[in-house]
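The values are calculated or read from the model by the stated rules, or taken from the named source; none is laboratory data. From a predicted model like this one, the values you see are computed outputs, not experimental measurements. Glycine gets a Cβ as well: all are built from the backbone with ideal geometry, and neighbour counts include every protein chain shown.
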């Protein structure tokens, strides 16, 4: 087998084609398994932690504790932002339902509180319509995933960023095909020029 660095390069070069097939056929989970099979045991454990976030039962305090101590910077930072969003959404519902502040929020296990991003999340939560809010929140999560690997090239974090954005695009393709395709195009457009090919969705 080639070196791990070469394996990352091979996987990342194959991502655009995997994205098109997954969004059109609803195979986001299959792509994760395909990519996972090409990784080392330690990297597979990181992908497995990522996959936990997409279970039907969702995330909980124990999950965020594991994410906070992950060896992957992407996992740590992405899910810190995810936790901030989760708690702000919960507080939004608390206000709407007249419940006490702090009800059902998840304690932050990170060493330092996240101080950036709250205003943009609150702005989306203020939008009219559940669908518009959910689309806006997913757009923010996708932007965070892209931002975290902007200076990376052939790394596991680039693969992780792709996988979370692909899952989001696949989910929206089932709910609203136009939104799903738009998210897929944005995902493909975000790939580095050397890895890009022509895509039509």
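Remarks
- Residues that are in a helix (DSSP H, G or I), in contact with a helix residue (DSSP H, G or I) (Cβ under 8 Å, 6 or more places away or on another chain), under 25 Å from residue 75 (Cβ atoms) and without any contact (Cβ under 8 Å) to a residue 24 or more places away in the chain do not occur anywhere in the range 87-106.
- Residue that is at pLDDT below 90, assigned to a helix (DSSP H, G or I) and more than 11 Å from the chain's Cα centre (by Cα), where the choices are 137, 114, 188: 188
- Pair list, Cβ under 6 Å, 6 or more apart: the range 53-69 residue farther than 15 Å from residue 107 by Cα, other residue part of a loop (DSSP other than H, G, I, E, B) and at pLDDT 90 or above: 53/59
Residue-by-condition table, conditions (1) modelled with pLDDT of 95 or more; (2) more than 19 Å from residue 160 (Cβ to Cβ); (3) crowded, with 18+ Cβ neighbours inside 10 Å:
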position	(1), (2), (3)
5	no, no, no
8	no, no, yes
25	no, yes, no
68	yes, no, no
83	yes, no, yes
